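Novice: The structure is given below, and queries will be raised subsequently.
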Amino acid sequence: MTYRGEVLTGATAVGIRVGEGVVLAAEKRVTYGGYVVSRVGKKVFLIKDRFGLACAGLFADVQTISRLMSVEIHWYELETSRPMSVKTAAKLLSTILYQYKYMPFLSEIIFGGVDLEGPHIFVMDPLGSLIEDDYAAVGTGAPIAIGVIESEYSNDMSLETAEKLAVKSIKAAISRDAVSGDGVDVVVIGRDRSYEKFYQVIS
């Protein structure tokens, strides 16, 4: 991610949709330019057990976006007494990002979840462009990660296989991208359960 030509931060995050649910994953290294600020940064978030965010970009913006969405979804469901759909939540996030277009969040986002219509994955740029897809990768390691996913993805694969593929793609990116690394956080959201998991990467 760059701002006025200056490299601010790098990362790799991916999302995969299959019939049983969605998988979101991101590595943990936080960098500014060539400096490693932290090796335990969280860039993938589970929201209300039905939604997830995976982000690449400025770490403060990543944290702010996750908090904003958690509050907005909770408030909507309190006000309406009904669960928010994944498409509605994605459109809400897209609108929030667009509202800040003159001073944008410096983050690329993959948003996913499962509702009554099934699993969904959306990818967004810092201005809120909204695209639904079967899989996506963002960040400096995205060109490597997306190649791994494309070569093995099938929409009828199991959620467990999709989780393994997401981790494999992040590990491939870590091996070639100097600003990605230090383990993989995963969020898995299925039709009847969701969970978070950490995979250590031995470098």
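Novice: Taking the range 162-203 as the region of interest, how many residues are of a type in the set (D, E, K, R) and under 19 Å from Glu150 (Cβ atoms)? It would help to see each step written out before you state the result.
Specialist: Within the range 162-203, the first condition is being of a type in the set (D, E, K, R), and the residues that meet it are 163-164, 168, 171, 176-177, 182, 185, 191-193, 196-197.
With under 19 Å from Glu150 (Cβ atoms) added as a condition, the list becomes 163-164, 168, 171, 176-177.
Total satisfying the criteria: 6.
Novice: Further, regarding this structure: List the number of the failed condition for Glu196; all other conditions in (1) in contact with a Ser or Thr (Cβ under 9 Å, 6 or more places away or on another chain); (2) surrounded by fewer than 19 Cβ atoms within 10 Å (Cβ to Cβ); (3) outside any loop (DSSP other than H, G, I, E, B); (4) of a type outside the set (A, V, I, L, M, F, W, C) hold.
Specialist: The number of the failed condition is (1).
Novice: Further, regarding this structure: Among (1) assigned to a helix (DSSP H, G or I); (2) out of contact with any strand residue (DSSP E or B) (no Cβ under 6 Å at 6 or more places or on another chain), which single condition is Val62 missing?
Specialist: (2)
Novice: Right, next: Can you spot a residue in the range 75-91 that is aromatic (Phe, Trp, Tyr) and under 26 Å from Ile144 (Cβ atoms)? Give the steps one after another, and end with the answer.
Specialist: First, the residues of the range 75-91 that are aromatic (Phe, Trp, Tyr): 75-76.
Within this subset, residues satisfying the condition of being under 26 Å from Ile144 (Cβ atoms) are none.
For the range 75-91, residues aromatic (Phe, Trp, Tyr) and under 26 Å from Ile144 (Cβ atoms): absent.
Novice: Somewhere in the range 134-142, is a residue in contact (Cβ under 8 Å) with a residue 24 or more places away in the chain and more than 20 Å from Ala162 (Cα to Cα)? Give the steps one after another, and end with the answer.
Specialist: First, the residues of the range 134-142 that are in contact (Cβ under 8 Å) with a residue 24 or more places away in the chain: 134-142.
Of the ones still in play, those that are also more than 20 Å from Ala162 (Cα to Cα) are 140.
Yes: one or more hits.
Novice: Which of (1) at pLDDT 95 or above; (2) not in a helix (DSSP H, G or I) is the odd one out, the single condition Gly128 does not satisfy?
Specialist: Every listed condition holds for Gly128 apart from (1).
Novice: Still on this model: Find all pairs meeting these conditions: Cβ atoms under 6 angstrom apart; at least six residues apart or on different chains; first residue within the range 146-171 and modelled with pLDDT of 95 or more; second residue assigned to a loop (DSSP other than H, G, I, E, B).
Specialist: As it stands, the answer is Leu159/Glu20, since those pairs meet every condition given.
Novice: Considering only residues of the range 27-59 that are under 12 Å from Ala11 (Cα atoms) and part of a loop (DSSP other than H, G, I, E, B), which is nearest to the chain's Cα centre (by Cα)?
Specialist: Going through the qualifying residues, I end up with Lys43.
The values are calculated or read from the model by the stated rules, or taken from the named source; none is laboratory data. Bear in mind that the values here come from a model prediction, so they are computed numbers and not experimental data. Virtual Cβ from ideal backbone geometry, glycine too; neighbours counted across all protein chains shown.
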